[in-house]
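Student: Can you read through this structure? Questions will come right after.
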Amino acid sequence: MKILITIQKDEVAPRFDLTSEILITETQEGKITGEPRIILLPGTSGEDICGLAIKENVALLICGGIEDTHYQYLKWKKIKVVDGVIGPHEQALHSAMTNDLRPGAILPGASIHGEKP
Amino acid sequence: MPKKKTQTGFQSKTPLLDQLDVSSLLDSMILGVLFVDRARRVITINRFLEALTGYSREEVVGVQGENVIRSNLSSNGDPVGRVLTSEQTMTLEGDIINQSRKKIPVRFTISPLQLTSGQKEGAMILLEDISLLKDLDNKIHGFSGHEKIMGNSPKMQEIFELLPITARTDASVLITGETGTGKDLVAEAIHKASKRSRFPFIKVNCGALPETLLESELFGHVRGAFTGADKDKPGMFRLAHGGTLFLTEIGDLPLPLQVKILTVLDDKEFFPVGGSKKVSVDVRIIAATHRDLGELVRQGTFREDLFYRLNVLRLHLPPLREREDDFHLLLDHFFREFRANLKKKTKGFNAACLKLLSSYSFPGNIRELRNIVEYAVNVCPDETIRPEHLPKTLLSMEPAPSPSAASTRATLRENGEIVMDTPANTAAFTMPVPVGWGEVEKDMILKALTKTGGNRSRAAELLGWSRSKLWRKIKHHDLA
């Protein structure tokens with residue numbers, strides 16, 4: 001299964017349409033196969049990421065806030081979207097592989113090292 | 001005895017809100033409130049923001065603020081950082097995406113969270129849902145912000161690229177362009193997109209009033225300053241405080257007032273007419289003119305120093321005849337607007353009418369086009385607007401200044417056919433009337449290719465298209 005995560009530094013990017021970096025990885029039976037690819041986009045555009053996800057035959061897309069238009073489009077293209085995710089993208093990926101990732105999830109690493117201000 | 005800071009606990013490491021009993025107050029507000037620490041982590045959010053974002057206060061404490069509000073604030077750099085450095089409150093317009101995947105237009109007000117010790121603990125971000133305002137604006141004007149300004153032509157694209165840059169700064173702007181090119185709209189769009197948008201946008205026509213009245217209009221007067229001044233008048237500079245003053249027809253500004261404007265621009269203060277007390281104002285100036293200010297400077301009727309002071313950012317709006325790509329877009333837009341406003345069932349213009357309009361030079365630019373469309377939609381009794389529904393002045397129209405049409409004059413025949421007369425050649429010739437936009441587009445492509453000697457890259461550039469778009473169009477029109 002191919003997974004695409006919209007990222008910002010080490011985190012899942014807060015906004016799908018303002019993302020300039022994405023991570024694409026392939027998994028099989030709960031394990032990462034091959035080297036994950038990080039792609040820097042030439043600009044920020046929700047449409048471009050949708051296009052890329054389709055071109056790359058992505059099965060699962062993990063992102064932060066996403067507009068309903070983009071969400072419905074991806075759903076129509078048979079891409080599963082887990083949106084509203086907050087936290088490190090590595091944790092998001094592992095939760096997705098164990099089928100534990102839910103929309104709107106705030107992952108344990110979301111607040112800096114779990115530390116409260 | 002004054003309280004010691006240690007007694008208030010502000011210097012301790014306990015959270016700020018433990019010391020301030022403001023939670024219930026924040027919850028009663030009809031604005032979203034987000035407190036973040038210096039690392040931009042959430043200290044707390046109020047009930048309104050819980051509703052706006054779909055997150056509860058408990059689950060987001062310690063999370064990066066931008067992950068919670070999902071705004072487009074980061075596209076403005078780091079506004080929170082700028083507020084913490086400058087210690088000034090900042091207002092920005094943008095949007096957020098909530099958990100229901102809805103994009104909500106929001107006005108953000110960011111202020112530093114300052115302790116009594118002077119230490120900055122973070123920032124308070126107020127989020128005002130302005131969806132209703134935007135909807136209302138759309139209902140009133142049809143468009144909002146600079147969406148009111150339309151155009152696909154390369155020259156307009158350049159303007160669109162410059163607008164956000166111009167809006168971000170506080171420097172003076174000089175907008176030039178012929179009458180009816182949309183200088184007022186651009187000035188208003190800059191104001192609306194700027195941080196001054198919450199404050200007034202005031203327009204003063206410098207060419208509409210005699211010198212003495214204009215001085216009083218701009219700078220105000222005190223009671224008794226002159227006969228008839230029976231009460232104090234604040235003047236436009238004071239009324240525009242915090243906002244933008246748009247000085248249109250600046251080229252008509254009398255020389256003595258030019259000096260006074262220059263002083264305000266430099267010192268940000270002035271004396272009202274007859275007043276002895278200086279008034280301080282914080283106003284951004286946007287000036288506009290259809291005149292060539294450089295030429296006026298050479299003639300000595302416009303001060304060179306004021307010209308340079310205003311000409312910090314310059315936007316030149318192209319005339320309609322140089323926006324070939326936009327003619328049909330604007331025509332269609334005004335047609336739809338008036339058809340809806342007048343509740344007409346008119347379906348469009350016939351080919352002869354389009355041809356006539358296309359060959360007209362529009363010296364009054366977009367304003368003239370708009371007026372012509374309004375006239376035609378009003379006059380047309382049935383479904384199709386024909387040449388006889390256009391203003392009579394247009395039917396005996398002046399020659400267009402474009403090279404191809406510069407020496408032509410159109411006459412309308414009874415059968416609706418357009419005959420182009422050339423003064424140099426008495427033998428009139430009949431122009432084939434195009435059947436629609438497709439034909440016009442084909443003609444545009446051919447003209448561009450002829451002009452560039454068949455060079456497709458340059459032709460695409462000329463048309464403002466990508467090479468692939470031109471290639472598709474060539475194929476579509478069977479021109480390959």
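Where a number appears in this text, it was derived from the coordinates with a stated rule and is not lab data. A quick note: this is a predicted structure, and the numbers were derived from the prediction, not measured. All Cβ positions, glycine included, derive from the backbone under ideal geometry; neighbour counts span all protein chains shown.
Student: With +1 on the Cβ of every Lys and Arg and -1 on the Cβ of every Asp and Glu, and nothing else charged, how large is the dipole of the protein assembly as shown about its Cα centre, in debye rounded to the nearest 20?
Tutor: Working: 78 positive and 75 negative charges, 38 e Å.
Charge dipole of the protein assembly as shown: 180 debye, to the nearest 20.
Student: Turning to a different aspect of this structure: Which FRET efficiency value, to the nearest 0.05, do you get for B:Asn152 and B:Glu374 by plugging their Cβ-Cβ distance into 1/(1 + (r/R0)^6) with R0 = 30 Å? Walk me through the numbers on the way to the answer.
Tutor: Details: r = 23 Å, r/R0 = 0.76.
Rounded to the nearest 0.05, the efficiency is 0.85.
Student: Right, another one. With bins 10 Å wide starting at 0, give me the P(r) of the protein assembly as shown over every alpha carbon pair, in whole percents.
Tutor: In order of increasing distance, the bins hold 3, 13, 18, 20, 20, 15, 8, 3, 1, 0, 0 percent.
Student: What does the average come to when, for each residue of peptide B:56-67, you count the partner chain Cβ atoms lying within 10 Å of its Cβ? List each step's numbers first, then the result.
Tutor: On the way: counts 0, 0, 0, 5, 4, 3, 9, 7, 8, 1, 7, 15.
The mean count of partner-chain Cβ atoms within 10 Å per residue comes to 5.
Student: Could you work out how far apart the two model spin labels at A:Ile32 and B:Phe160 are, taking each label as a point 7 Å from the Cα in the direction of the beta carbon, and quote it in nm?
Tutor: Between A:Ile32 and B:Phe160, the label points sit 4.0 nm apart.
Student: To continue, here is another question. Other chains near B:91-99: what is the mean number of their Cβ atoms within 10 Å of each residue's Cβ?
Tutor: Working: counts 0, 0, 0, 0, 3, 3, 13, 2, 5.
Per-residue shielding by partner chains comes out at 3.
Student: Here is a further query. Counting each DSSP H run of 4 or more residues in the protein assembly as shown as -39500 (n - 2.57), what helix-only mean residue ellipticity at 222 nm follows after dividing by all residues, to the nearest 500 deg cm²/dmol?
Tutor: Working: 25 runs with 217 residues, N = 597.
My calculation for the protein assembly as shown gives -10000 deg cm²/dmol from helical runs alone.
Student: Which order do the peptides B:100-108, B:223-231, B:334-342 come out in when sorted by mean C-beta neighbours inside 10 angstrom, highest first? Could the numbers behind the result be given before it?
Tutor: Numbers: B:100-108: 18.4, B:223-231: 10.2, B:334-342: 15.4.
Those peptides, ordered most packed to least, come out B:100-108, B:334-342, B:223-231.
Student: Between B:Leu115 and B:Ala208, 0.36 nm times their residue separation minus their Cα-Cα distance comes to what?
Tutor: Numbers: separation 93, 0.36 × 93 = 33.48 nm, distance 5.17 nm.
Going from the current span to full extension adds 28.3 nm.
Student: Here's a follow-up. Can you grab the distance from the C-alpha centre of region B:333-369 to the C-alpha centre of region A:30-66, Å, no decimals?
Tutor: 45
Student: If you wrap chain A's Cα atoms in a convex hull and average its projection over all directions, what's the area in nm²?
Tutor: Numbers: hull surface 28.2 nm².
Mean orientational projected area (chain A, Cα hull): 7.0 nm².
Student: Using the crude model of +1 on Lys and Arg Cβ and -1 on Asp and Glu Cβ, and no other charge, please compute the dipole size for chain A relative to its Cα centre, in debye to 20. It would help to have the intermediate numbers written out before the result.
Tutor: Working: 12 positive and 16 negative charges, 59 e Å.
Once rounded to the nearest 20, the dipole reads 280 debye.
Student: Local charge sum around A:Leu107 (other residues, Cβ-Cβ under 12 Å, Lys/Arg +1, Asp/Glu -1)? Provide the component values of the computation, followed by the final result.
Tutor: On the way: positive: A:Arg102; negative: A:Asp10, A:Glu11, A:Glu90, A:Asp100, B:Glu59.
Surrounding charge for A:Leu107 is -4.
Student: To the nearest 0.05, what FRET efficiency results for A:Asp10 and B:Arg298 with a Förster distance of 56 Å applied to their C-beta separation?
Tutor: Numbers: r = 60 Å, r/R0 = 1.07.
FRET efficiency, A:Asp10 to B:Arg298: 0.40.
Student: Can I ask one more? If each of B:Lys102 and B:Leu479 carries a label point 7 Å out from its Cα toward its Cβ, how far apart are those two points in nm?
Tutor: With each label point 7 Å from Cα toward Cβ, the separation is 4.7 nm.
Student: Something else now. Give the peptides A:47-55, B:175-183 in descending order of average Cβ contacts within 10 Å, highest first.
Tutor: Highest to lowest by the protection proxy: B:175-183, A:47-55.
Student: By the scheme Lys and Arg +1, Asp and Glu -1, what is the net charge of all other residues having a beta-carbon under 13 Å from that of B:Glu304? It would help to have the intermediate numbers written out before the result.
Tutor: Details: positive: B:Arg298, B:Arg303, B:Arg309; negative: B:Glu295, B:Asp305.
The answer is +1.
Student: Something else: Under a 5 Å amide H to amide H cut-off, with H placed in plane at 1.01 Å, what residues pair with B:Phe302 once short-range neighbours are removed?
Tutor: B:Val297
Student: Can I ask one more? Cβ under 10 Å from B:Arg339's Cβ, B:Arg339 left aside: what net charge do those residues give with Lys, Arg +1 and Asp, Glu -1? Each step should come with its number before you reach the end.
Tutor: On the way: positive: B:Arg336, B:Lys343, B:Lys344, B:Lys345, B:Lys347; negative: B:Glu337.
Neighbour charge sum, excluding B:Arg339 itself: +4.
Student: Could you order peptides B:192-202, B:81-91 by the average number of other Cβ atoms within 10 Å of their residues, highest first? If you can, show how the numbers build up before the last one.
Tutor: Working: B:192-202: 18.4, B:81-91: 14.4.
Going by the mean number of other Cβ atoms within 10 Å, highest first, we get B:192-202, B:81-91.
Student: Enter the mean number of other protein chain beta carbons within 10 Å of the beta carbon of each residue in A:13-21, as an integer. It would help to have the intermediate numbers written out before the result.
Tutor: Values: counts 4, 13, 12, 3, 5, 7, 0, 0, 0.
Across the residues of A:13-21, the mean count of other-chain Cβ atoms within 10 Å is 5.
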